[in-house]
1. May I ask you to list pairs of residues, at least six apart or on different chains, whose Cβ atoms are under 6 Å apart, with the first in region 20-33 being at negative phi and the second being open to solvent by less than 60 Å² (accessible area, probe 1.4 Å) and part of a loop (DSSP other than H, G, I, E, B)?
2. For residue 41, which of the numbered conditions (1) farther than 22 Å from residue 104 by Cα; (2) surrounded by 14 or more Cβ atoms within 10 Å (Cβ to Cβ); (3) in contact with a helix residue (DSSP H, G or I) (Cβ under 7 Å, 6 or more places away or on another chain); (4) free of Cβ contacts under 8 Å to residues at least 60 places away in the same chain fails to hold?
3. Can you list residue pairs whose Cβ atoms sit under 6 Å apart, with the first residue in region 55-78 being at pLDDT 95 or above and the second being open to solvent by 50 Å² or more (accessible area, probe 1.4 Å) and not in a helix (DSSP H, G or I)? Count only pairs 6 or more apart in sequence or on different chains.
4. Please verify whether region 88-100 includes one or more residues that are at pLDDT 90 or above, out of contact with any Gly (no Cβ under 7 Å at 6 or more places or on another chain), open to solvent by 40 Å² or more (accessible area, probe 1.4 Å) and not charged (D, E, K, R).
5. In this structure, is residue 118 among the hydroxyl-bearing types (Ser, Thr, Tyr), in a helix (DSSP H, G or I) and touching a residue at least 40 places away in the same chain (Cβ under 8 Å)?
6. Based on this model, can you work out whether residue 30 counts as among the polar types (S, T, N, Q), touching a His at 6+ places or on another chain (Cβ under 8 Å) and either under 19 Å from residue 12 (Cα atoms) or loosely packed, with under 15 Cβ neighbours inside 10 Å (or both)?
Amino acid sequence: MREWFRKAEHELAYLEHAPLDLDDPPTDTTGRLAHMVVEYCLKAYLVLNKKKIKKIHDLAKILDLCIAARQDGEFEDLRIDCQTLTRYKINFAYPSHFIEAISIEEAKAAIEKARRIYTFLRRKAEELGYSQD
């Protein structure tokens, strides 16, 4: 489980320095990395609860598995953010004929969502006895 949180921490550290002040900022990359932070944290929580990790990237579906693990409704507060971040992963992973972009404001909000969910999941893991040591 430590490896999952470590991956999330590394992605989040990178996001803290996202070059959003460029002429053509990598907002799509920012959105996808924010998604990965949350995916890693949710999957870390599943590992902590000895649940099987499915090879899916839909954060709302992974969130459902986390809720079911301990019948913890507090996770429901993450649903809208998970849905937004999943959209960034799915819609911006590959070039498309649809012209759509993530604004700088959305990219900054994605970083904040990732940070908030990371903090929430670390707290939940620590409540269950998880320690970095």
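1. Matching pairs, first to second residue: 27/102; 28/102; 30/18; 31/102.
2. Going through the list (1) farther than 22 Å from residue 104 by Cα; (2) surrounded by 14 or more Cβ atoms within 10 Å (Cβ to Cβ); (3) in contact with a helix residue (DSSP H, G or I) (Cβ under 7 Å, 6 or more places away or on another chain); (4) free of Cβ contacts under 8 Å to residues at least 60 places away in the same chain, residue 41 breaks only (4).
3. 69/51
4. Residues of region 88-100 at pLDDT 90 or above: 88-89.
Imposing the further condition that a residue be out of contact with any Gly (no Cβ under 7 Å at 6 or more places or on another chain) reduces the set to 89.
Still in the running and open to solvent by 40 Å² or more (accessible area, probe 1.4 Å): 89.
Now narrow it down to the ones that are not charged (D, E, K, R): none.
No - not one qualifying residue is present in region 88-100.
5. On the way: among the hydroxyl-bearing types (Ser, Thr, Tyr): yes; in a helix (DSSP H, G or I): yes; touching a residue at least 40 places away in the same chain (Cβ under 8 Å): yes.
Judged against the criteria, residue 118 is a match.
6. Working: among the polar types (S, T, N, Q): yes; touching a His at 6+ places or on another chain (Cβ under 8 Å): no; either under 19 Å from residue 12 (Cα atoms) or loosely packed, with under 15 Cβ neighbours inside 10 Å (or both): yes.
Here the answer is no, as residue 30 does not meet what is asked.
The values are calculated or read from the model by the stated rules, or taken from the named source; none is laboratory data. As the structure is a computational prediction, the values presented were derived from the model and not from experiment. Don't worry about glycine lacking a Cβ; one is built from the backbone with ideal geometry, like all the others, and counts go over all protein chains shown. All accessible areas refer to the heavy atoms of the entire protein, side chains included, with ligands and DNA or RNA removed. Shrake-Rupley method; radii C 1.70, N 1.55, O 1.52, S 1.80 Å.
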